[in-house]
Amino acid sequence: MRIIGLAGWSGAGKTTLLRGLIPELIGRGFRVSTIKHAHHAFDIDRPGKDSWHHREAGATEVLVASGVRWALMHELRGDAEPDLPALLNRLSPVDFVLIEGFKRTMHPKIEVYRAANGKPLLHPGDESVVAVASDTALPGAAIPVLALDDFSALANMVELRATAAGHRPG
């Protein structure tokens, strides 16, 4: 399994980029999974559903399965948030895992930058950023700068710079 992240400030277009990049990689014959980091409490279950009642009753894990998909919800119940390697170990093997968020973790990343956000670039201070996907030219950038909507070039970068899970960029 090879990993690469998409990192950037909120509103830069990380999810939009993923929505174009995933089909591009799949079209090249790769199997792709994603990990998304949330900075807040989130819920994928709806109050009143049986699985919600199971969690509310105190179950540590609730697995919901059907003929179409299955989902495993794990309640931390006060335990520490799992780190990226622990989460990667829970995934089934695929060719690429695209990681949205985890911008402070050392793994290869493509920075997603939108000038209108008014936020600073991450890459001058983060040596794990291997390229920037941007809506504007960045003259003098020491790393490749790709257009936010050039999914072919971005997929090429993923193929070139993604590393084996557990390998540090460098």
Single unsatisfied condition, F30 versus (1) closer than 25 Å to H107 by Cβ; (2) more than 16 Å from the chain's Cα centre (by Cα); (3) without any contact (Cβ under 8 Å) to a residue 40 or more places away in the chain: (3)
Hits in the stretch 52-80 (condition: surrounded by 15 or more Cβ atoms within 10 Å (Cβ to Cβ) and of a type outside the set (A, V, I, L, M)): W52, H54, R55
Test: residue in the stretch 157-165 that is more than 16 Å from L18 (Cα to Cα), part of a loop (DSSP other than H, G, I, E, B) and in contact (Cβ under 8 Å) with a residue 40 or more places away in the chain: yes
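Yes or no, residue by residue, for (1) buried (at least 18 other Cβ atoms within 10 Å of the Cβ); (2) not hydrophobic (A, V, I, L, M, F, W, C):
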| site | (1), (2) |
| --- | --- |
| P82 | no, yes |
| R90 | no, yes |
| M106 | no, no |
| H123 | yes, yes |
| E127 | no, yes |
| V130 | yes, no |
| S152 | no, yes |
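A quick yes/no check of all residues on (1) farther than 23 Å from R90 by Cα; (2) surrounded by fewer than 16 Cβ atoms within 10 Å (Cβ to Cβ); (3) modelled with pLDDT of 85 or more:
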{"position": "R2", "(1), (2), (3)": "no, no, yes"}
{"position": "G5", "(1), (2), (3)": "no, no, yes"}
{"position": "L17", "(1), (2), (3)": "yes, no, yes"}
{"position": "K36", "(1), (2), (3)": "no, yes, yes"}
Index of the failed condition, R77 passing every other in (1) of a type in the set (K, R); (2) out of contact with any strand residue (DSSP E or B) (no Cβ under 7 Å at 6 or more places or on another chain); (3) at negative phi: (3)
Residue ranges of strands (runs of 3 or more DSSP E) in the stretch 21-116 with at least 2 members farther than 17 Å from F151 by Cα: 32-36, 61-65, 70-74
Pairs where the first residue, in the stretch 61-84, is of a type outside the set (V, I, T) and the second is loosely packed, with under 12 Cβ neighbours inside 10 Å and outside any loop (DSSP other than H, G, I, E, B), C-beta under 6 Å, 6+ apart: L63/L72; H74/E61
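The values are calculated or read from the model by the stated rules, or taken from the named source; none is laboratory data. Fair warning: this is a prediction, and the values are worked out from it, not measured in the lab. Don't worry about glycine lacking a Cβ; one is built from the backbone with ideal geometry, like all the others, and counts go over all protein chains shown.
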